[in-house]
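What follows is a single structure, written as structure tokens, with notes after it.
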Amino acid sequence: MFERGADLGDTPGEFQLWVEREHLDQVLPLAAGYHHLRLNKDGVLGLLTGVGTAKAAASVMALGTDPRFDLTKAYWLVAGIGGGDPADVSLGSAIWAHHVIDGDIAYEIDARDIPAGWPTGYVPLRKSRPYEIPVRNELEGEVYVLNPALVDWAFRLTKDLALADTPALRSARARFAGFPNAQRPPFVTRGDTISSSTFWHGARMDAWANAWVRYFTGGEGNYMISAMEDTGTMQALTFLSAAGRVDLRRVLVLRTVSNYDREAPGATPAESLASLVAGNYPAYLAALDAAQSVGSRVVRYLVEHWTQCESTLPK
């Protein structure tokens, strides 16, 4: 979704480790998208979408309608970093998403005007109070459900991978006393993600995210990590699927934890956010590495078993 500079040889963003390690050496222009494409000899195609839901949707649509490519049997892997819920995950951990929930489609009133008894000023679209039941039958992009069989397969394939851990990560985790999962070494798990173009932060916002996911999944979902682009990507892929250009059953979303989505005990949300504003995420490089190393296990399997995976989804 983002790159800090060049595709190669400098401080990496989400694209660079894929370019280097997958040898995405062939550059292909994508005039209607955010950034050029990169391809390797195995047919692995790298797309850098740009930050935010709008750029992601536009870039994925640009690729999906490009006549140079037949993507009807392609597998799609979103691989990026985000802010993790310390109740569920630790710095550097990797989450395969079952649900992608939109955090932008809503009504909102100012926090200073929230009525007594309301837990938040955020209200589902077409509703008059937070978490009003029933959830509307006709949603407008609030939730995307990924193929559970493919998600479970990807998790089983990668769940035992050892992820990078460092003294710096251990020190950052230690601040989250009272959060057992936050203090674990990095691990691979399954959960749910919220995408919004607002970079929100803090314990109250984390509580909203958990409740928002439970609301739109009928209590089945468990919010674990925030992101910015995934609903834009999923909306574009949904439209492309309706046009017969992609197979939605072949989509995976992997997010890795570069920072916690709230302040540590004893700190304030403003203090915690200030430490992140310059991109100084405590697990930035570890999360980039996890996104590529976990994601590449899936990519390598698909490449090496393409004779079967072209026509049949892996089990």
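Please verify whether region 280-299 includes one or more residues that are without any contact (Cβ under 8 Å) to a residue 12 or more places away in the chain, out of contact with any helix residue (DSSP H, G or I) (no Cβ under 7 Å at 6 or more places or on another chain), among the aliphatic types (A, V, I, L, M) and farther than 17 Å from LEU146 by Cα. Let's see the steps before the verdict.
Our first condition is that a residue be without any contact (Cβ under 8 Å) to a residue 12 or more places away in the chain; within region 280-299, this holds for 280.
Filter again for out of contact with any helix residue (DSSP H, G or I) (no Cβ under 7 Å at 6 or more places or on another chain), leaving 280.
Still in the list and also among the aliphatic types (A, V, I, L, M): none.
Scanning region 280-299, I find no residue that is without any contact (Cβ under 8 Å) to a residue 12 or more places away in the chain, out of contact with any helix residue (DSSP H, G or I) (no Cβ under 7 Å at 6 or more places or on another chain), among the aliphatic types (A, V, I, L, M) and farther than 17 Å from LEU146 by Cα, so the answer is no.
How many of the residues making up region 184-229 are assigned to a helix (DSSP H, G or I), touching a residue at least 40 places away in the same chain (Cβ under 8 Å) and not hydroxyl-bearing (Ser, Thr, Tyr)? Lay out the reasoning, then the answer.
First, pick out the residues of region 184-229 that are assigned to a helix (DSSP H, G or I): 203-216.
Filter once more, so that each one left must be touching a residue at least 40 places away in the same chain (Cβ under 8 Å): 203-213, 215-216.
Now narrow it down to the ones that are not hydroxyl-bearing (Ser, Thr, Tyr): 203-213, 216.
Result for region 184-229: 12.
List every residue pair whose Cβ atoms lie under 6 Å apart, where the two residues are 6 or more positions apart in sequence or sit on different chains, the first residue falls within region 19-42 and is touching a residue at least 60 places away in the same chain (Cβ under 8 Å), and the second residue, located anywhere, is of a type in the set (Val, Ile, Thr) and surrounded by 12 or more Cβ atoms within 10 Å (Cβ to Cβ).
Taking only residues 6 or more apart or on different chains, the pairs are GLU22/VAL44; ASP42/VAL303.
Conditions: (1) farther than 18 Å from GLY232 by Cα; (2) of a type outside the set (A, V, I, L, M); (3) in contact (Cβ under 8 Å) with a residue 60 or more places away in the chain. ARG136 meets all but one. Number of the miss?
(3)
Enumerate the pairs (first residue in region 157-179 and farther than 16 Å from TRP96 by Cα; second residue anywhere and outside any loop (DSSP other than H, G, I, E, B) and open to solvent by 70 Å² or more (accessible area, probe 1.4 Å)) with beta-carbon separation below 7 Å, excluding pairs fewer than 6 apart on the same chain, so at least 6 apart or on different chains.
ARG173/GLN183; ALA174/GLN183; PHE176/GLN183
Quick one: in region 132-190, which of the residues that are among the polar types (S, T, N, Q) and in contact with a helix residue (DSSP H, G or I) (Cβ under 8 Å, 6 or more places away or on another chain) is least open to solvent (accessible area, probe 1.4 Å)? Even if it seems obvious, please write down each step before you answer.
Applying the first criterion (among the polar types (S, T, N, Q)) to region 132-190 yields 137, 147, 158, 166, 171, 181, 183, 189.
Still in the list and also in contact with a helix residue (DSSP H, G or I) (Cβ under 8 Å, 6 or more places away or on another chain): 147, 158, 166, 183, 189.
Values: ASN147: 34, THR158: 0, THR166: 54, GLN183: 81, THR189: 26 Å².
Step by step, filter region 132-190, then rank; the result is THR158.
Out of everything in region 48-83 that is more than 26 Å from PRO314 (Cβ to Cβ) and among the hydroxyl-bearing types (Ser, Thr, Tyr), what residue ends up being modelled with the lowest pLDDT?
THR53
Looking at region 206-242 only, could you name the residues that are among the acidic types (Asp, Glu) and either within 20 Å of PRO119 (Cβ to Cβ) or open to solvent by 50 Å² or more (accessible area, probe 1.4 Å) (or both)? First the steps, then the outcome.
The first filter runs over region 206-242 and keeps only residues among the acidic types (Asp, Glu), leaving 206, 220, 229-230.
Result: ASP206, GLU220.
I need the full set of residues from region 207-237 which are touching an Asp or Glu at 6+ places or on another chain (Cβ under 8 Å) and under 30 Å from LEU47 (Cβ atoms), in order please.
Of everything in region 207-237, those that are touching an Asp or Glu at 6+ places or on another chain (Cβ under 8 Å) and under 30 Å from LEU47 (Cβ atoms) turn out to be ALA209, VAL213, PHE216, THR217, GLY221, ASN222, TYR223, MET224, ILE225, SER226, THR231.
Looking at LEU45 and the list (1) under 21 Å from PRO67 (Cα atoms); (2) of a type in the set (A, V, I, L, M); (3) at pLDDT below 95, which single condition is not satisfied?
Going through (1) under 21 Å from PRO67 (Cα atoms); (2) of a type in the set (A, V, I, L, M); (3) at pLDDT below 95 one by one, LEU45 breaks only (3).
In region 123-148, which residues are within 18 Å of ASP104 (Cβ to Cβ) and among the basic types (Lys, Arg)?
Of everything in region 123-148, those that are within 18 Å of ASP104 (Cβ to Cβ) and among the basic types (Lys, Arg) turn out to be ARG126, LYS127, ARG136.
Inside region 258-315, counting only helices (runs of 4 or more DSSP H) that do not spill past its ends, which hold 3 or more residues that are open to solvent by 50 Å² or more (accessible area, probe 1.4 Å) and modelled with pLDDT under 95? Steps first, please.
Values: elements: 269-274, 284-304, 306-309.
Per the criteria, 269-274.
If you go through region 106-131 one residue at a time, how many are surrounded by 16 or more Cβ atoms within 10 Å (Cβ to Cβ) and touching a helix residue (DSSP H, G or I) at 6+ places or on another chain (Cβ under 9 Å)?
Matching residues across region 106-131 total 7.
Take the residues of region 1-29 that are among the aliphatic types (A, V, I, L, M) and in contact with an Asp or Glu (Cβ under 7 Å, 6 or more places away or on another chain): which is farthest from SER195 (Cα to Cα)? Spell out the reasoning first.
Within region 1-29, the subset among the aliphatic types (A, V, I, L, M) is 1, 6, 8, 17, 19, 24, 27-28.
If we keep only those that are in contact with an Asp or Glu (Cβ under 7 Å, 6 or more places away or on another chain) too, we end up with 1, 8, 17, 19.
On the way: MET1: 13, LEU8: 28, LEU17: 23, VAL19: 25 Å.
Going through the qualifying residues, I end up with LEU8.
Residues in region 244-256: is at least one touching a Lys or Arg at 6+ places or on another chain (Cβ under 7 Å), part of a loop (DSSP other than H, G, I, E, B) and among the small types (Gly, Ala, Ser)?
no
The values are calculated or read from the model by the stated rules, or taken from the named source; none is laboratory data. Just so it is clear, the model here is predicted, and its values are computed rather than measured. Note: ideal-geometry Cβ built from the backbone for every residue, glycine included; neighbour counts use all protein chains shown. SASA here: full protein model, heavy atoms, side chains in, ligands and nucleic acids out. Shrake-Rupley method; radii C 1.70, N 1.55, O 1.52, S 1.80 Å.
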